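**Student:** Before we start, here is the structure in question, set down as structure tokens.
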Amino acid sequence: MTTVLEVVRSGPLALVEDLGRPGHAAIGVGRSGAADRSALRLANRLLGNGEELAAIEVTLGGLALVVRGGDAWVAVTGAPVPLTVGRRAAAPYAPVRVRSGETVRLGTPTSGLRSYVGVRGGVDVPPVLGSRSRDVLAGIGPEPLAPGTVLPVGPPPQAYPRVDAVPQRAYEEIVLRVVRGPRDEMVRDPDALVAAAWTVSPAADRVGMRLDGRALTLRDPHTAMPSEGAYRGAVQVPPSGQPVVFLADHPVTGGYPVVAVVTDADVDRAAQARPGQRVTLRWA
Amino acid sequence: MSVRIVPYGDRALMVELDGAAEVVAWDAAVRAAAPDEVADVVPAAATLLVVARDGADLAALTASLRSLRVRAADVAADASRSAEVEIPVRYDGPDLRDVARMTGLSEAQVVRAHTQSVWRVAFGGFAPGFGYLTGGDPRLHVPRRESARTAVPAGAVGLAGEYTGVYPRSSPGGWQLIGTTEAAMWDLCRDPPALLRPGAVVRFVEDRS
């Protein structure tokens, strides 16, 4: 019998994610994958897994799952959550052994937005176009987790973890470095992007994060722009002037000007910003 | 062909081109050259976004893109070689009458213009399997609807601006709907799952059944 994870409670949103499916943008499928890729990679490294294996991305905690069919090793990274295994309290940012029949429970993260539950061997659901990621915009990949969902665990890797715990990240202050362009000439004052104090709007999901603050002014808000390819980290300015930062499940093309792009390393931090939290942008 | 390449963050480059034909040519050229540094290529109306692989050097990628020799004339030659996709359509869309009124054509003339045009997939991006098709009869250029429908059924064939397209699945949409097809635009059990890829030549055929 193989080891499985059975979902008891999903919390607000729990999805299977890996590093995504690059190479399909021309047929309308974006890369998708974990919103915070570095947290996913870290969970896998803590377990001796290849970094590309799938894990569970949990938004605002609340996940509970029971291990069946054999013991498992799990590691929780990303937004730090109170964690229990059976009746024991456990620490995130370290591998934890879970015996068959025991339940892993995540509380609500104290900071940050998305936690990653990795399992040694990876979540082994069938891939779609080479990836086990759920793309919420394209609607492909494994369905969002619900009570009763059973996730098979892959065979354990040959390797053993080389670390047994790592420092927990801080998500209290979010500063994102941005590269100017490609359409910065379409706003009157691109520097307003780095001068303003921005707040993450409640309308933030895996597709994008809207920033509320003093609106940018487009030079010509009524001119339609031809569609252009879009990519993770793009800071798009619609006629409202409130910028949107594209995250993992962004549309493949878009029709509003992209005035700056968050550096690849910092997009993962953007994915940890909570609605209501302050965000600062800096020219890279 | 003079080409402007602008930075797009620290992981991608935007190649600015003159229009759909150049985009198709560049898309094919970049894919054929398949530099190891490229993770994905995103064709659009007049640009090509080239996404670098993890750890690739953007300056080196810029240089290899500049060294590509791409001629739009090659596309025309390529077009004659590529297989045509035929899509049967029942012209029963709820906006057919409005399109006739806006274009000053009869409904039958709209259908003829749509079926006698040689369309080409310029780019995708709205949803998996959706293609923006260009090259149609200019008389069919119509604005999008004033307000979008909350649900357009899968298989709906629409017009907007210079484009035509087929909704691969039920979704909100603001295009002028002129017909319906049963052709599967997106099928994950098929390889590739999308019926239309950038560069493909498409003909619509009236299905009177």
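**Student:** Using Cα pairs under 8 angstrom and six or more residues apart, how large is the relative contact order of chain B, in percent?
**Tutor:** Details: 444 pairs, mean separation 44.6, N = 209.
RCO, chain B: 21 percent.
**Student:** Considering the dipole of the protein assembly as shown built from charges on the beta carbon (Lys and Arg +1, Asp and Glu -1) around the Cα centre, which of A:Ala270, A:Thr103, B:Gly199 is farthest to its positive end?
**Tutor:** Farthest towards the positive pole: A:Thr103.
**Student:** Taking 25 Å as R0, compute the FRET efficiency from the Cβ-Cβ separation of B:Ser170 and B:Asp207 and round it to 0.05. Present the calculation step by step, with values, prior to reporting the outcome.
**Tutor:** Details: r = 20 Å, r/R0 = 0.82.
Result of the calculation: an efficiency of 0.75.
**Student:** What order do A:Ser111, B:Ser147 take when sorted by accessible area (1.4 Å probe), most exposed first?
**Tutor:** Working: A:Ser111 15, B:Ser147 70 Å².
Descending accessible area places them as B:Ser147, A:Ser111.
**Student:** What whole-number volume per residue, in cubic angstrom, does the convex hull of the C-alpha atoms of the protein assembly as shown give?
**Tutor:** Details: hull volume 77.4 nm³, N = 493.
Convex hull volume per residue, Cα atoms: 157 Å³.
**Student:** I need the phi-derived Karplus couplings for segment B:49-58: 6.51 cos²θ - 1.76 cosθ + 1.60, θ = phi - 60°, integer Hz, Gly and Pro marked x.
**Tutor:** Ordered by residue, 3J(HN,Hα) equals 8, 10, 9, 7, 5, 3, x, 6, 8, 5 Hz.
**Student:** Report the one residue of A:Gln158, A:Leu83, B:Pro172 whose Cα lies farthest in the direction of the positive end of the charge dipole of the protein assembly as shown (charges on C-beta: Lys and Arg +1, Asp and Glu -1; origin at the Cα centre).
**Tutor:** With unit charges placed on the Cβ atoms, the residue in question is A:Leu83.
**Student:** Can you tell me how much longer the chain between A:Glu173 and A:Asp71 gets when fully stretched, taken as 0.36 nm per residue apart minus their C-alpha distance, in nm with one decimal?
**Tutor:** Details: separation 102, 0.36 × 102 = 36.72 nm, distance 3.75 nm.
Working it through step by step, the gained length comes to 33.0 nm.
**Student:** While we're on this one: Would you work out which of A:Gly121, A:Gly139, A:Thr149 lies farthest towards the positive end of the dipole of segment A:105-152? Charges go on Cβ: Lys and Arg +1, Asp and Glu -1.
**Tutor:** The residue sitting most towards the positive pole is A:Gly121.
**Student:** For segment A:147-168 and segment B:107-148, write down the distance between their C-alpha centroids in whole Å.
**Tutor:** Here the two parts' Cα centres lie 49 Å apart.
**Student:** Please give the average number of partner chain Cβ atoms lying within 10 Å of the Cβ of each residue in A:14-27, rounded to a whole number. Walk me through the numbers before you get to the answer.
**Tutor:** Working: counts 0, 0, 0, 0, 0, 1, 1, 1, 6, 6, 6, 12, 17, 16.
Averaged over the peptide's residues, the number is 5.
**Student:** Something else now. If I take R0 = 35 Å and measure r between the Cβ atoms of A:His222 and B:Ala60 in this structure, what FRET efficiency does the formula 1/(1 + (r/R0)^6) give, to the nearest 0.05?
**Tutor:** Values: r = 40 Å, r/R0 = 1.14.
FRET efficiency, A:His222 to B:Ala60: 0.30.
**Student:** With the crude spin-label approximation of a point 7 Å out along Cα→Cβ, what separation in nm comes out for B:Cys189 versus B:Arg69?
**Tutor:** Here the answer is 4.7 nm between the modelled labels.
**Student:** Using a 1.4 angstrom probe on the protein heavy atoms only, line up A:Val96, B:Val23 by accessible area, largest first.
**Tutor:** Details: A:Val96 20, B:Val23 0 Å².
Final ranking, largest accessible area leading: A:Val96, B:Val23.
**Student:** Sticking to Cα atoms, compute the Rg of segment A:119-214 to one decimal and its Dmax as the biggest Cα-Cα distance, whole number, in Å.
**Tutor:** Rg then Dmax for segment A:119-214, in Å: 20.2, 56.
**Student:** Follow-up question, since we're still on this one. If you line up the long axis of helix A:37-46 against the longest principal axis of chain A, both from Cα atoms, how many degrees apart are they, to the nearest 10?
**Tutor:** Orientation of helix A:37-46: about 20 degrees from the principal axis.
**Student:** Still on this structure, I have one more. Kindly write out, for segment A:272-280 in residue order, the coupling ³J(HN,Hα) from the Karplus curve 6.51 cos²θ - 1.76 cosθ + 1.60 (θ = phi - 60°), rounded to whole Hz, with x marking Gly and Pro.
**Tutor:** Along segment A:272-280, the couplings run 9, 7, 8, x, x, 7, 7, 10, 10 Hz.
**Student:** Can I ask one more? Using a Gaussian network for chain A with springs between C-alpha atoms less than 10 Å apart, which of these wobbles most: A:Tyr231, A:Tyr256, A:Tyr160?
**Tutor:** In the Gaussian network model the winner is A:Tyr160.
**Student:** What ³J(HN,Hα) values, in whole Hz, does the Karplus curve 6.51 cos²θ - 1.76 cosθ + 1.60 give for segment B:179-189 when θ = phi - 60°, with x put for Gly and Pro?
**Tutor:** Values, residue by residue: x, 9, 10, 9, 4, 7, 6, 9, 8, 5, 7 Hz.
The values are calculated or read from the model by the stated rules, or taken from the named source; none is laboratory data. Just so it is clear, the structure is predicted and the values come from calculations on it, not from any experiment. No Cβ is skipped: glycine too gets one built from the backbone with ideal geometry, and neighbour counts run over all protein chains shown. Remember, those area values only see protein heavy atoms, side chains included, never the ligands or the DNA or RNA. Shrake-Rupley method; radii C 1.70, N 1.55, O 1.52, S 1.80 Å.
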